[in-house]
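Below you'll find the structure, written out as structure tokens, and then a few comments.
The values are calculated or read from the model by the stated rules, or taken from the named source; none is laboratory data. Note that the structure is a prediction, hence the values are computed from the model and not measured. Note: areas computed on protein heavy atoms with side chains; ligands, DNA, RNA excluded. Shrake-Rupley method; radii C 1.70, N 1.55, O 1.52, S 1.80 Å.
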Amino acid sequence: MPKGLQVFDENGINVLDTNSGTVKIFGKFDYDPNVVVFYSDLFATETPFFIASPSMRYEDSQVKVEFSGNKCTVTNTRSSFKRSLYVGVY
């Protein structure tokens with residue numbers, strides 16, 4: 001029986017399964033209206049993810065998180081929203 005976290009989309013497709021690998025959290029960013037860039041070679045070879053705290057509705061926020069190759073770029077354009085972002089791979 002699985003013991004890790006499993007997340008499914010609206011079609012029942014498994015989009016995250018920590019049973020098949022180890023989750024690695026690289027760091028926590030406290031960010032305000034700036035661009036923050038974080039690098040790791042594992043972004044290019046494993047599945048990157050982020051968790052925002054306090055929670056936010058991603059589609060309504062002014063925060064953009066992009067993973068490209070070994071780079072994670074976080075852009076926040078609203079000064080009233082200071083948040084923490086956890087970045088990692090699984």
Filtering strands (runs of 3 or more DSSP E) wholly in segment 1-52 for at least 1 residues that are at pLDDT 75 or above and among the basic types (Lys, Arg) gives 24-31
Counting only residues in segment 55-78 that are open to solvent by 80 Å² or more (accessible area, probe 1.4 Å) and at pLDDT below 65, the one farthest from residue 19 (Cα to Cα) is identified as 60
